[in-house]
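Worksheet: one structure, shown below.
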Amino acid sequence: MRFTKPFWDGIADGRITVAYRGWNRPTVVAGRAYRTGGGRIEVLSVEAIEPGAVTDADAVRAGHESPAEALAAVRTDGGRQLYRVEFRRLDEPDPRQQLADADDLDDDAIAEIDARLDRLDRASSFGPWTRATLRLVGEHPGRRAPDLAEIVGRETAPFKLDVRKLKNLGLTISLRIGYELSPRGRAYLDATDH
């Protein structure tokens, strides 16, 4: 769930626990965890509401000074419905970050990563890409996704989707601009590149 930087501190310290969004249909689900710039949150409820239902207290819980300010920040044009999302900050460690930090790879862990990468390569319509993309990210940390995609002659959107698949395996980390190898990704390449 995306929040702009001014809201990150309030999410991190637990002051912000409500968000208002204008959606054609909800893009978050109650009971699921999401990453934000202010840390991980769990969505508790998602409900369609009318603008008049925004209370003073909820506007403050959303990081605004008034209901009018909260509503002004939401796009409800084009038939979008106003939604109220309630959430709580999660204190437990992020499992994806824990995986990315796990760089003590034994033979079984390397074999498991090999198998997962092989599956991704086999499912690709343009051939093997996983290891070459890991090397590319390792050689160009912090480089913009469009630049990396251009280096390998790919469109940016599918390239970014593929890097996200590597991130889900704990092998890359998204930066504010670009990517870098995670400790796990670096350890994997060190163990397998000869």
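Computed from the coordinates by the stated procedures, all read-outs in this text should not be read as laboratory data. Computed from a predicted structure; not experimentally measured. Counting neighbours? That spans all protein chains shown, and the Cβs are built from the backbone with ideal geometry, glycine included.
Annotations for the structure displayed:
- Stretchable slack from Ser124 to Asp103, in nm (0.36 nm times residue separation minus alpha-carbon distance): 4.9 nm
- Computed from the C-beta positions of Glu139 and Asp77 and an R0 of 41 Å, the FRET efficiency is 0.40 to the nearest 0.05.
- Segment 85-124-segment 1-76 distance, computed between alpha-carbon centres (Å): 29 Å
- Computed over segment 95-192, relative contact order equals 40 percent, with contacts defined as Cα pairs under 8 Å that lie 6+ residues apart.
- q = 0.15, 0.16, 0.21, 0.27 Å⁻¹, segment 149-194: log10 I(q)/I(0) [Debye, one scatterer per Cα]: -0.42, -0.47, -0.76, -1.01
- The stretch between Leu44 and Leu90, if pulled fully straight at 0.36 nm per residue, gains 15.4 nm over its current Cα-Cα span.
- Sites listed here are GluC sites (Glu not before Pro) in segment 57-104 whose DSSP assignment is loop and whose Cβ has at most 15 other Cβ atoms within 10 Å: Glu65.
- Shown here for segment 70-134: trypsin sites (Lys or Arg not before Pro) in loop regions (DSSP other than H, G, I, E, B) with at most 13 other Cβ atoms within 10 Å, namely Arg75.
- 0 to 90° range, to nearest 10: angle between helix 107-123 axis and the chain longest Cα axis: 80 degrees
- Taken over the Cα atoms of the chain, the convex hull encloses 148 Å³ per residue.
- Spin-label model distance (nm) - Thr27 vs Ser174, 7 Å beyond Cα toward Cβ: 1.1 nm
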